[in-house]
Amino acid sequence: MSKGVKPFSRITGLGVGIPENVLTNADLEKIVDTTDDWISSRTGIKERRIMKKGERTSDYCIKAAKEALAEAQLDPELLDAIIIGTISPDMRFPATAIYVQEAIGAKNAAAWDVSATCSGWLYSLFMADTMIAAKRAKNILVIGAEMLTPMVDWTDRATCVLFGDAAGAAVVSEAVDDRGILSVVIGSNGTFADLLYCVGHGTAGYATPSGQENGNRFLRMNGNEVFRHAVRVLERTAKEAVERAGLEPSDIDWLVPHQANTRIIKATAERMNLPMEQVFMNIHKYGNTSTASVPLAIYEARKEGKLLPGQNMLSVVFGGGFTWGGSVIRF
Ligand code: ACO
């Protein structure tokens, strides 16, 4: 028997939906006053994927969902729930998960979205694991999807260079042995809500009906302040996730963190005493894809032959709110 707690659930299939359009740092140099050198050295990002006008978040969720279900070899009618972490839904309502349910024929699933910024996929994973542990569900599709392009202010160099669009999906089912989700921890702190937000069509914009023209639809961030908090919270969350999994930091084979900034990732690895050879990064290709970043990174790490059977992976995320989450998964 392996070290660590007994899992209730496991990931049986993964899939991604990635826009074809590539926006490089050189492309951004033509739009705002920035340089490839600034973006690369401050963030690690070289390029990102951008949705096309006319596309919807659900288009990419559906693609990711079909791939994940195929790997899991699961009939969509056996899904009990579809949970999508997103702050960039197709519409204010119905939930983006509703469109996914219809498109994949998951007629027995309840479907809803979760708003938790970059932590949305881990919040959704928390729900799925808890529902399966409580025997309220057997199979749940958990998606993290973000198409931030429409809410990015393409005149604000401090934010527009950071984000990219993507979706990542996982089928979560009952565990059958000692492999699976050993821990998921989540948390939030509303004290810092003003550091990263988007008014959009929320009631906070009702007082200024012309808010759309005034920039209400754009995401706003005090990146410097967010950075400062992120490093501290990620270390604490990583340690909590490892402890709840019944493991020591030295039992972790891979760190597959939220891809927000290379400097944040390196600081987190250092504080967990993990060498960079055990850290997976794809931020250079996709930028910060918010809630899609962890499932997309897990998907690519596996494709590269990492995350071998029996290995323990730690993921940590931090986002606007603030929200955060951590998880240890044994593959
Ligand atoms: N190109 C060139 N110069 C720039 C750019 C740019 N794209 N953006 C900002 N600058 C300038 C600033 O104006 C500033 O100039 P000044 O010194 O003359 O005033 C200088 O660069 C330094 O700016 P800082 O904001 O201090 O740069 P910093 O080193 O903090 O890096 C960054 C900024 C990359 C945003 C960093 O703070 C960060 O990664 N923060 C965390 C982001 C994050 O994790 N967000 C949470 C998840 S997102 C979500 O929840 C949706």
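Computed from the C-alpha gyration tensor, the three semi-axes of the ellipsoid equivalent to the range 105-248 are 33, 21, 13 Å, from longest to shortest.
First compute the accessible area of the range 182-330 with a 1.4 Å probe, then give the percent of it belonging to carbon and sulfur atoms. On the range 182-330, the fraction of accessible area on carbon and sulfur atoms equals 49 percent. If a spin label sat at a point 7 angstrom from the Cα of E304 along the line to its beta carbon, the backbone N atoms of the range 37-74 nearer than 15 Å would be those of 44-47. Here the label points at A70 and D156, each 7 Å from Cα along the C-beta direction, are separated by 3.8 nm in the simple model. The slack between R263 and D27, meaning 0.36 nm per residue of separation minus the straight C-alpha distance, is 82.7 nm. Each Lys and Arg adds +1 at its Cβ and each Asp and Glu adds -1 at its Cβ; summed about the Cα centre, the chain shows a dipole of about 360 debye.
From largest to smallest, what semi-axes in whole angstrom does the range 132-177 give when each is the square root of 5 times an eigenvalue of its alpha carbon gyration tensor?
One finds semi-axes of 37, 9, 8 Å for the range 132-177.
Note on E235 and R42: their simple-model spin labels are 2.4 nm apart, each label 7 Å out from Cα toward Cβ. Residue ranking by accessible heavy-atom surface, 1.4 Å probe, largest first, among Y123, Y99, Y206 comes out as Y206, Y99, Y123.
For K239, the accessible area of its heavy atoms, probed at 1.4 Å with every protein chain present, is near 90 square angstrom.
Across the range 182-330, Cα pairs under 8 Å and at least six residues apart give a relative contact order of 37 percent. According to the Kirkwood relation over distinct C-alpha pairs, the hydrodynamic radius of the range 182-330 is 16.3 Å. Taken over the C-alpha atoms, the range 65-186 has Rg and Dmax values of 15.3, 51 angstrom.
Rolling a 1.4 Å probe across all protein chains gives H284 an accessible area of roughly 80 Å². Taking every C-alpha pair closer than 8 Å and separated by at least 6 residues, the mean separation divided by the residue count of the chain gives a relative contact order of 25 percent. Hey, any idea what % of the range 1-95's accessible area is carbon plus sulfur with a 1.4 Å probe? In the range 1-95, the share of accessible area belonging to carbon and sulfur is 52 percent. Spin-label model, R228 to F192: label points 7 Å out along the Cα-to-beta-carbon direction sit 1.0 nm apart.
Kindly sort L78, L14 by accessible area of their heavy atoms, largest first, with the probe set to 1.4 Å.
L78, L14
Pairwise Cα distances in the chain exceed 37 Å in 12 percent of cases.
Pairwise alpha-carbon distances in the range 27-137 exceed 16 Å for 68% of all pairs.
When both the range 1-56 and the range 64-133 are represented by their alpha-carbon centers, they are found 20 Å apart. Rolling a 1.4 angstrom probe over the protein heavy atoms with all chains in place gives the range 141-203 an accessible area of 35 Å² per residue. The heavy atoms of I283 offer some 0 square angstrom of accessible surface to a 1.4 angstrom probe. Mean separation of Cα pairs under 8 Å and 6 or more residues apart, divided by the residue count, gives the range 9-177 a relative contact order of 33 percent. For the chain, modelled as a GNM with alpha-carbon contacts under 10 angstrom, which of S250, S183, S88 fluctuates the most? Top of the fluctuation ranking is S250.
The values are calculated or read from the model by the stated rules, or taken from the named source; none is laboratory data. Quick caveat: nothing in here was measured; it's all calculated off a predicted structure. Neighbour counts are summed over all protein chains in view; Cβ atoms, including those assigned to glycine, are modelled from backbone coordinates with ideal geometry. Surface accessibility is based on the protein's heavy atoms, side chains included, excluding ligands, DNA and RNA. Shrake-Rupley method; radii C 1.70, N 1.55, O 1.52, S 1.80 Å.
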